[in-house]
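First the structure, in the form of structure tokens, and then the observations on it.
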Amino acid sequence: MTMHSITVTVNGGRERLDVPSNMTLLQLLREKLALTGTKNGCSAGECGACTILMNDEPVNSCMVLAVEADGAEIVTVEGLADDGQLTPLQEAFVEHNAVQCGFCTPGVLISAHALLKRNPHPTEEEIKLALVGNLCRCTGYLRIIQAVQTAAGRVSQQAGLPRPASGGVGAASASISQDKGGA
Amino acid sequence: MLARPGLPSFDYVRASALYEVPRLLEEHGEAARLLMGGTDLFVRMRDGFVSPQILVDVKHLPSMRDVSYDEQTGLTIGAATTMNEVARHPDVQAHYPLLAEAASSVASYQLRNRATLGGNLCNGSPAADTAPATLVLGGRIVLYRPTGEREIPADEFFLGPGATAMQAGELMTAIRFPILPPGSAGKYLKLGRNKAGDLAIAGVAVFGFPDGTASGYRFRIGLASVAPVPLRAREAEEVLAASPPGEETFALAAERAMEAASPIDDVRASAAYRKAMVRALTLRGLREIWRQLS
Amino acid sequence: MTVSKATFTSDPVGKSVPRVDMYDKLTGIALFTDDIQFGPNLYYARLARSPHAHALIKQIDVSKALEVPGVKAVVTGKDAPELVGMYLVDRPVLAGERVRYFGEPVAGVIATSEALAEEATRLVKVEYEELPAVFGPMESIQPDAPLLHPDLGEYKVASFIFPEPGTNISEHFKLRKGDVESAWPRCAAIVEGTFRLPQIQHVPLEPHVSVALWEPSGQVTLWTSTQSPHAQRDLIAQSIHIPHGNLRVVSPYVGGGFGGKAGVTMEACAVVLARAVKGHPVKLRLTREEEFVGTTMRQSLVAHTKIGCDAEGNLLAMETQYYFGGGAYNDYGVNIARAAGYSCTGPYDIPNVKGDSCSVYTNLPIGGPMRGFGMPEIHWGIEQIMDQLAEKIGMDPAEFRRRNCVKTDDTILTSMKMPAIDLVACIDKVTEAINWGQEDKPSAPHKKRGQGIAIMWKAPAMPPNPGSSAVVRFNEDATLNVEIGAQELGQGAFTVAAQMAAQALGVPYEWVRVSAPVDTKYSPYEWQTVASRITWSMGNAVKAAAEDARRQILEIVAEHWGEDPNDLDIKNGKVISYKSEQEQPLQNMVIYGLPNEDFEGWKGGPIIGRGMFMLTYVTNLDFETGQGTRAVAHYTVGAQAVDLEVDTETGQVEILKIASVYDVGKAINPDLVLTQIEGGAVHGMSSAFEALRFDEKGQPLNRSLVDYRIVTAVDVPKEIHGDFVETPLEDGPWGARGVGEHVMVQTAPAIANAINDALGIRFNDLPLSAEKIFLALEEQKQEET
């Protein structure tokens, strides 16, 4: 089997690697670069746990050959937070308790991050469609959708963008008020 | 046998010039396969359904990812254009919105960044979401061979499940769409087990425009996932050309469309349900585009 | 590490504090088993699996596999004849004289890479002699059915499980209370029905994975994604004859369990393979396709139920038979049949009950625990047949349930008294939340709208003596480490452990660190993270450990101040005296103690608190009647109501609202309880549409995510209204009771009841599907014409 010498930029750092033809980008990230934040849930492009950004677009890294990523810019979940500081999107996940087991989370964050870049004011429906390729078995998705809505509001606020006409629909309601931490 | 954990061994070759492709295909015969998006191919390789020794990546050949529109000649989409690229291209959205809608319905956003229009069509799957739209919009498949280029109309392209009119050594380079009749409207309706993201249990593309028929309109109906090939529902189209548009005509056309379908029972749905859904989706599609046409 | 903007949360029990594992999971730092780096010494294993549902193994030829360069060993059942199992030790690690399901492992290949191991498994040649197979429980109990386990009488079995050797019945639980025969004539209305459901799978996002290292010294380490590190150590130690002290199980974060990572599944295989290549860690990880074949599934069920009530609508009698399709091995499934037996009435007060609950061997994938442990399976039928009886007697279904549901102090079917709960309050809240009885109009003329309600109960299904223990250990800066054996599966176990430790000690929540990963070498014993028992049982142990540490601290400081410890307290990390108003920060003294006056000696030293909790009051049940003093520790109850629309042109169901309310005793972390309720409602909804399908030879037809569909982001209900009531559990920490499984138990029948309300069509068999609903509507149209 042929080996290929490729150059790929991962989370801002350039790497030169020798990869066999049949290695996937997912295997390259996890096994060659020890970037284990990106997960293997199915190896078939169905679950989305392996989602990363390739040249700014979310793809299932299990469906991309490492050699196909030659020359590409890759961003994984490890590359989202800025020097340990959570992004507004990640903060929103904290506030909404949108993480349980955490296995789907890296892929979800990448998909959501990309959504907000291309569509700063997504509707609830647009968020759901953007996340249809990210399976989650724990949360039931509602907190994730709410977190993305909250993040959308904040990111656009930070960027000085005008607020959208509709505030976004909250999908889950609770009849008790909660004390979300704090002394 | 269950699927492998990873891809089996093969050699990856990136074609850098068109003429290399038929040469490689001839040299390796059955052992070589063309690689576009890979979203079907890699799954089938893991499952052991195909075992190519050579994958020839054709995505980087000139024009394979170009989309161009000309007011006289129409739309040309490079075969390696991804579904998302098709769906968001301003010329596709402006002039061929049905195609954009069909491309958007495939799988997930992530997969649409890899899956290509050419790949979707050349797999010859009866369930290909872009096939009904390609059929009703009069798409033509452009195939390259060493002796030159040839074009096949989409409705001569699909021959059977997994079988197309592509010959050994040929490469699909583009899909061309003619300028559409003025005042047209189209809709792609898809039913799956999930509200989105699934393969189609039944897919119906409905396309209509004012024309010199008895009814004053011409409709085209394309069906996916309900026959050995994606196909046009011609009897339904004849009904719509002959009788005045309205609920009664649409219901009759939907019946004819249902009769044109010859689905199978499989793990996703029964033939009976698929047929009934052809009728239901055709009726909905016709009502929807009639709203736009009238 | 917490990401709270607050740095100081006192009295965190009852507050929705941020989770302790958020930061790691959001940044990709959180380690799961496949993320651990083992270095170049690591080997990989793949399993050769049976293509037959039932066959004798005549011969296995591994010679070609061994010739592949890079292959280090091939192990078959001959090398690994041991049996494993949770309650019934019936399962070979690698198939022995026969295979009993498609996909059963027959050989393990160990190689330097996963790809090489996979190629070599395809070179293992097995000669089979096919045997007749049986796939449904009703077929399997017939006298002429093929016998799957001729040695059933010789298997080690727990004292409370009763297999029937010479048959395919691995457990038969009998419940006899009152006299149903005399009750039927007194009934004003009787309804009978049969309800069926197929096997379904947990689909955790993280597939099963284990890495085992068998050192030449005899020390064995197992890194694995598991809900049960200590139970796995126990079962594997016993089966593979490793002294407990030599077997160490380490489990990092678990990417979803739902019961599928409880007991022992493929982990014993990893250990047995590691034994063949001593000194090398061996990684065995399942593909997603193998998840649908080679791990455990929820059992299928055929339920025949008959119920009757008097003219006022009071339930008088129930007769029910449950036949669980347990798959090829029932080592865990037997307890599911038992649990279904001693709770067979569902959450109802019925004076006369005759129940028989059996688990039955079938040539299908292994049946095992899945969220709800028999309760979702039996509530599918119970909650529908209750609706049918309510309809027959002319009562509103919610009212029927208010009248008949279990209440505090009721004598339930096993003769135990129902501990304090408030199911009526749950019913009231859900009916209010969906405007029960006031049906809003459907959103389009071709849609029909309906409402449905379902209630549930579940007790933790455990042996009578499952223990929890905990240790609390300080650092110099008075931050502390809480050591537990409970697993963080996503449910929030680590977070509530930290909350409870902080509360019981009197330190801020942010000072607490949960020692992870759970490692049986260091972590105190925890039976399993199952049964929704952790907040309650581990919580009690953590509370006891924290209180133990607190006691020690107060004694030292009291002596130091010459005061009575009863006048002292710990608040916000400081010891305070209510009498003298002195203060002593915990920093340093929790390690170094306190100096006497003029440094004439010291008192105190490193503080370690220890605690444990174990049930002492659960008793035996009579074999013939299922009666006993105390069948279970307690029950959690809850109600769900569903408002949905059916598109009559396609059969598609749109869930508009699920209202879901549970009596949790005390919500240690209210928002985490709500996240369980929401996640459970969606899981429950998905379970109504899921099914594993097999062909006539027992081969799975939908063994990948392409064709085993689960709910995605676009399918979620428009709204989920989650809430809870708090009737304290007598021996719960701050009154807390578990809720992790209960939240999905009755969603499927609630949906079925709502569909019946909308369409007048009842579906007795799962799965639901748009196709099934559409075709039933067509049939209904035909019958009406």
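Remark: region A:3-79 carries a charge dipole of roughly 220 debye about the Cα centre, counting +1 on each Lys and Arg Cβ and -1 on each Asp and Glu Cβ. Taking all protein chains into account, the per residue accessible area for region C:350-423 stands at 24 Å² (1.4 Å probe). The residues packed around C:Ala425, meaning those with a beta-carbon under 13 Å from its beta-carbon, carry a net charge of -2 if Lys and Arg are +1 and Asp and Glu are -1. Each Lys and Arg adds +1 at its Cβ and each Asp and Glu adds -1 at its Cβ; summed about the Cα centre, chain C shows a dipole of about 1160 debye. Each Cα pair under 8 Å and six or more residues apart adds its sequence gap; the mean of these over the residue count of chain C is a relative contact order of 15 percent. Counted by Cβ distance under 12 Å from B:Glu20, the other residues give a net charge of -1, where Lys and Arg count +1 and Asp and Glu count -1. Taking 1.567 mPa s as the viscosity and 4 °C as the temperature, the Stokes-Einstein diffusion coefficient of region B:46-109 based on its alpha-carbon Kirkwood radius rounds to 96 µm²/s. In this structure, the residue pairs whose Cα-Cα separation is over 28 Å, taken from C:Lys392/C:Lys718; C:Lys417/C:Lys571; C:Lys156/C:Lys306; C:Lys458/C:Lys543, are C:Lys392/C:Lys718; C:Lys417/C:Lys571; C:Lys156/C:Lys306. Beyond 16 Å, the tail of the calculated P(r) for region C:561-603 holds 43 percent of the Cα pairs.
3J(HN,Hα) couplings calculated from phi for region C:17-25 with the Karplus curve 6.51 cos²θ - 1.76 cosθ + 1.60 (θ = phi - 60°) are, in sequence order, 6, x, 5, 6, 9, 4, 4, 4, 6 Hz; Gly and Pro show x.
For the protein assembly as shown, a simple Cβ point-charge model (Lys and Arg +1, Asp and Glu -1, everything else neutral) yields a dipole of about 1160 debye relative to the Cα centre. For region B:67-177, the pair-distance distribution built from all alpha carbon pairs, in bins 10 Å wide starting at 0, is 16, 51, 29, 4 percent.
Spatially, region C:728-785 and region A:81-143 are offset by 30 Å when compared through their Cα centroids.
Rounded if a/c is under 1.5, else prolate if a/b is larger than b/c, else oblate: which is region B:11-57, with a ≥ b ≥ c the root eigenvalues of its Cα gyration tensor? Oblate, since a/c reaches 1.5 and b/c is not below a/b. Per-residue shielding of A:62-69, expressed as the average number of other chain Cβ atoms within 10 Å of the residue Cβ, stands at 6.
Restricting attention to region C:462-549, which GluC sites (Glu not before Pro) occupy a DSSP loop and are surrounded by at most 14 other Cβ atoms within 10 Å? Please list the in-between numbers first.
Working: sites: C:Glu476, C:Glu483, C:Glu488, C:Glu510, C:Glu526, C:Glu547; in loops: C:Glu476, C:Glu488.
Sparse-neighbourhood loop GluC sites (Glu not before Pro): C:Glu476.
Please report the accessible area of C:Trp602 (heavy atoms, 1.4 Å probe, ligands and nucleic acids excluded) in Å², nearest 10. It works out to around 150 Å². On the protein heavy atoms, probe 1.4 angstrom, tell me the percent of accessible surface of the protein assembly as shown carried by carbon and sulfur. Carbon and sulfur: 49 percent of the exposed surface of the protein assembly as shown.
Going from the chain on its own to the full set of protein chains, region C:7-29 has these residues losing 50 Å² or more of accessible surface (heavy atoms, 1.4 Å probe, no ligands, DNA or RNA): C:Ser16, C:Met22, C:Tyr23, C:Lys25, C:Leu26, C:Thr27, C:Gly28.
Rounded to the nearest Hz, the phi-derived 3J(HN,Hα) couplings of region C:308-314 under the Karplus curve 6.51 cos²θ - 1.76 cosθ + 1.60 (θ = phi - 60°) are x, 9, 7, 5, 8, x, 7, where x marks glycine and proline.
Report, as an integer, the average count of C-beta atoms from other chains found within 10 Å of each Cβ along A:106-114. It would help to have the intermediate numbers written out before the result.
Working: counts 5, 2, 2, 4, 1, 4, 0, 0, 3.
Neighbouring Cβ atoms belonging to other protein chains average 2 per residue here.
What whole-number distance in Å separates the alpha-carbon centres of region C:228-301 and region C:378-403? Here the two parts' Cα centres lie 42 Å apart. Summed over the residues of region A:88-160 and divided among them, the accessible surface reaches 28 Å² per residue at a probe radius of 1.4 Å.
Just to be sure I understand: if I project the alpha-carbon convex hull of region A:3-79 onto a plane and average over all orientations, what area do I get in nm²?
On the way: hull surface 16.8 nm².
Mean projected area for region A:3-79: 4.2 nm², to one decimal.
With only the Cα atoms considered, chain C has a convex hull volume of 175 Å³ per residue.
Dipole of chain C computed with +1 at Lys/Arg Cβ and -1 at Asp/Glu Cβ about the Cα centre; of C:Tyr101, C:Val406, C:His742, farthest Cα towards the positive end is C:Tyr101. Between C:Glu154 and C:Ala311, the simple label model (points 7 Å from Cα in the Cβ direction) yields a spacing of 6.2 nm.
Just the number, please: buried accessible area between C and A, total of both chains, 1.4 angstrom probe, nearest 100 square angstrom. All intermediate terms of the calculation are to be shown ahead of the outcome.
Details: alone 28610 and 10330 Å², together 33870 Å².
Heavy-atom accessible area buried at this interface is about 5100 Å².
Of the residues B:Gly139, B:Gly48, B:Gly119, the one that moves most in a GNM of chain B with alpha-carbon contacts below 10 Å is B:Gly48.
Taking every residue in C:701-710, how many Cβ atoms of other protein chains lie within 10 Å of its Cβ, on average? Walk me through the intermediate numbers first.
Details: counts 2, 2, 2, 9, 7, 10, 7, 3, 9, 6.
Mean inter-chain Cβ contacts per residue within 10 Å come to 6.
Accessible surface calculations at 1.4 Å, restricted to protein heavy atoms, place region B:67-177 at 33 Å² per residue. The alpha carbons of region C:205-332 give a radius of gyration and a Dmax of 20.3, 73 Å, in that order.
Rounded to the nearest 100 Å², what's the accessible area chains C and B bury against each other, both chains counted, probe 1.4 Å? That pair of chains buries around 2500 Å² in total.
Of the residues C:Thr520, B:Ala127, C:Gln142, the one whose Cα sits farthest towards the positive end of the charge dipole of the protein assembly as shown is B:Ala127 (charges of +1 on Lys and Arg Cβ, -1 on Asp and Glu Cβ, taken about the Cα centre).
When the other protein chains are added to the chain by itself, burial of at least 50 square angstrom of heavy-atom accessible area (probe 1.4 Å, ligands and nucleic acids ignored) affects no residue of region C:90-117.
Would you calculate the volume per residue, in Å³, of the smallest convex hull containing every Cα atom of the protein assembly as shown?
Working: hull volume 233.7 nm³, N = 1262.
Value for the protein assembly as shown: 185 Å³ per residue.
Electrostatic tally near A:Lys128: other residues with Cβ closer than 12 Å to its Cβ, Lys and Arg +1, Asp and Glu -1, net -2.
If the Kirkwood radius is taken over C-alpha pairs of region A:88-160, then at 20 °C and 1.002 mPa s the Stokes-Einstein diffusion coefficient equals 180 µm²/s. Taking only the Cα atoms of chain B, the radius of gyration and Dmax are 19.2, 60 Å. Between B:Ser270 and C:Glu130, the modelled labels are 2.7 nm apart [label points 7 Å from Cα along Cα→Cβ]. Using the Karplus relation 6.51 cos²θ - 1.76 cosθ + 1.60 with θ = phi - 60°, the per-residue 3J(HN,Hα) values for region C:196-208 come to 10, 9, x, 6, 9, 10, 5, 6, x, 5, 8, x, 5 Hz, with x marking Gly and Pro. Filter the GluC sites (Glu not before Pro) in region C:245-319 to those in DSSP coil with at most 15 other Cβ atoms within 10 Å of their Cβ, and list the result. Answer in residue order: C:Glu312. Computed across region C:159-276, the Kirkwood radius stands at 18.1 Å (inverse of mean 1/r, all Cα pairs).
Calculated mean residue ellipticity at 222 nm for chain B: -9500 deg cm²/dmol, from DSSP H runs with n ≥ 4 weighted as -39500 (n - 2.57), summed, divided by the residue count and rounded to 500. Averaging the sequence gap over all C-alpha pairs within less than 8 Å and six or more residues apart, then dividing by the number of residues, gives region B:185-293 a relative contact order of 28 percent. For region C:616-719, applying the loop criterion from DSSP together with a ceiling of 16 other beta carbons within 10 Å to the GluC sites (Glu not before Pro) yields C:Glu624, C:Glu696.
Among all the lysines, which ones have a C-alpha under 30 Å from C:Lys64's C-alpha, if same-chain residues fewer than 8 places away are not counted? Counting by Cα, and skipping residues close in sequence, C:Lys64 has these lysines nearby: C:Lys72, C:Lys78, C:Lys125, C:Lys278, C:Lys283, C:Lys697.
Assign one of three labels to region B:1-112, namely rounded, prolate or oblate, based on the Cα gyration tensor with a ≥ b ≥ c the square roots of its eigenvalues; rounded applies when a/c is under 1.5, prolate when it is not and a/b is larger than b/c, and oblate otherwise. Walk me through the numbers on the way to the answer.
Values: a/c = 3.34, a/b = 1.52, b/c = 2.20.
Cα axes put region B:1-112 in the oblate bin.
The relative contact order of region B:11-57 comes to 56 percent, based on Cα pairs under 8 Å that sit 6 or more residues apart.
Relative to the 2.2 N^0.38 Å rule of thumb, region B:185-293 has a C-alpha radius of gyration ratio of 1.02.
The values are calculated or read from the model by the stated rules, or taken from the named source; none is laboratory data. Worth saying up front: this structure is predicted, and the values here are computed from it rather than measured. Glycine also receives a Cβ, built like all others from the backbone with ideal geometry; neighbour counts cover every protein chain displayed. Surface areas here come from the heavy atoms of the whole protein model, side chains and all, with no ligands, DNA or RNA. Shrake-Rupley method; radii C 1.70, N 1.55, O 1.52, S 1.80 Å.
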